[in-house]
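Undergrad: Supplied in structure tokens, the structure appears directly below.
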Amino acid sequence: MSTPFEPGAPAGEGFIPLCVPEVRGNEWTYVKECLDTGWVSSVGKYVTRFEERIAARLGAGQAVAFTSGTAALHVALLLAGVGPGDEVVLPSLTFIAPAFAVRYLGAWPVLADVDPRHWQMDAEQVRGFLTEGCRSQDGQVVNRATGRRVKALLPVDLMGHPADMDPLMALAEEFGLTVVEDATESLGGLYKGRPAGRLGHIGALSFNGNKIITTGGGGMLVCDDQTLAQRARYLSTQAKDDPLEYVHCQVGFNYRLSNIQAAMGCAQLESLDDYVAAKRRIHQAYREGLAGVPGIGFMAQAGWAVSACWMSPILVDPVAHGQDSRGLLGALHGQGIQTRPLWQPLHQSPALAGSHNLGCPVSERLHQQGLCLPCSVGLTPSDQERVIRAIAAGQGGGSQAA
Ligand SMILES: *Cc1c(COP(=O)(O)O)cnc(C)c1O
């Protein structure tokens, strides 16, 4: 996925970026306090406060701050008992980070398709895989095709819309699997009234620069189990068993968020509701503004979901619209409007060769037709109007493709 502009690049004259951070609250005050007091590193009141506020926000028992969402996923999977040669089921249509976390442990992804309406991991296909594609051996679930043990399900709340978790949790219960919810895109979203991030046994959040709230870079592991959270904290701080004599009984990680970053996170969290409201408003305005444009489609919002609307993707039907998604991307680029395709489906990723593919035609079609539109929290109505007009005018292939 290469784009002409880096996410997070400052907006130039007339340029409309895909998604840039919004900093307008107490960030400066809290970060300055860290610098003034010398509490800049991985211990400090803001780390604790950020964890407490996230836990309270999600109604979770525990939250542990990490340097990134990927790091939180890595440790979450480790705590789920995933090890070398095991398998984890995740959707093919996602940013690759959760699959990388699986590979860090020497385990392998099993790549499932997404459902065509809500674009979330297809629980029916996963059920088919577990019931027919696997056999039970010594109380373990073994993939017939690969001979590997299936240990966990890793649904991703794609684009901020929660995955359909109830059937996945039922499958996990039936087959003795752990569910790690990748909620790195869905903070602020709801599933049947419950907050995204705590729908599985363990959840992972991200505060990367283009996420709903940001710490520059950061993540959080969320769970209810105190022992699990203690293990997460221990492993993320180099697994020190004796902090004075530096005795280590296990391999640990340097994955702890700094106080400076947490200070920024505390300030950003104060604005979460405003930011999600802005994201949802932007998404709704695209739906309304593009409703009459031939060949433009949207992800359906499930009745059981309140999407955080992290990204605002459209689908471009090349025949009905008169040009394909990449042609439209080029046309918009020419007018200073940054858009981006969806990710290459993971079953097609060279980095993940050797992963088990359950068959993912929907992911392939969404990848071909999908385009994410500018959706910064600070996107002005007039800039958004410009994007909508450009897409409406781009129809019929009148503009230059990249
Ligand atoms: C952003 C993202 C991650 C990784 O989060 P980082 O904080 O960037 O490491 C993981 N999974 C998905 C689906 C993401 O979009």
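Undergrad: Mind checking which residues of region 80-112 are over 16 Å from Cys360 (Cα atoms) and within 11 Å of the ligand (Cβ to nearest atom)?
TA: Result: Ala97, Pro98, Phe100, Ala101.
Undergrad: In addition: Could you run through region 28-79 and say how many residues are of a type in the set (Val, Ile, Thr) and either within 17 Å of the chain's Cα centre (by Cα) or within 16 Å of the ligand (Cβ to nearest atom) (or both)?
TA: Residues in region 28-79 being of a type in the set (Val, Ile, Thr) and either within 17 Å of the chain's Cα centre (by Cα) or within 16 Å of the ligand (Cβ to nearest atom) (or both): 5 in total.
Undergrad: Can you name the condition, by its number, that Val251 falls short on among (1) buried (at least 17 other Cβ atoms within 10 Å of the Cβ); (2) assigned to a loop (DSSP other than H, G, I, E, B)?
TA: The failed condition is (1).
Undergrad: Filter region 179-206 down to residues that are assigned to a strand (DSSP E or B) and more than 12 Å from the ligand (Cβ to nearest atom), then give me how many there are.
TA: Total satisfying the criteria: 6.
Undergrad: Out of curiosity, is Gly217 assigned to a loop (DSSP other than H, G, I, E, B), within 12 Å of the ligand (Cβ to nearest atom) and surrounded by fewer than 24 Cβ atoms within 10 Å (Cβ to Cβ)?
TA: Here the answer is yes, as Gly217 does meet what is asked.
Undergrad: Please verify whether region 235-247 includes one or more residues that are hydroxyl-bearing (Ser, Thr, Tyr), buried (at least 17 other Cβ atoms within 10 Å of the Cβ) and part of a helix (DSSP H, G or I).
TA: Within region 235-247, one or more residues are hydroxyl-bearing (Ser, Thr, Tyr), buried (at least 17 other Cβ atoms within 10 Å of the Cβ) and part of a helix (DSSP H, G or I).
Undergrad: Quick check, is Ser258 modelled with pLDDT of 95 or more, in contact with a helix residue (DSSP H, G or I) (Cβ under 6 Å, 6 or more places away or on another chain) and either more than 26 Å from Ser312 (Cα to Cα) or buried (at least 24 other Cβ atoms within 10 Å of the Cβ) (or both)?
TA: no
Undergrad: Having 2 or more residues that are within 16 Å of the ligand (Cβ to nearest atom), basic (Lys, Arg) and closer than 24 Å to Thr70 by Cβ is the bar; report the strands (runs of 3 or more DSSP E) wholly within region 120-163 that clear it.
TA: none
The values are calculated or read from the model by the stated rules, or taken from the named source; none is laboratory data. This one's a predicted model, so the numbers in the text were calculated from it and none came from an experiment. Cβ sites come from the backbone with ideal geometry, for glycine too, and all protein chains shown count toward neighbours.
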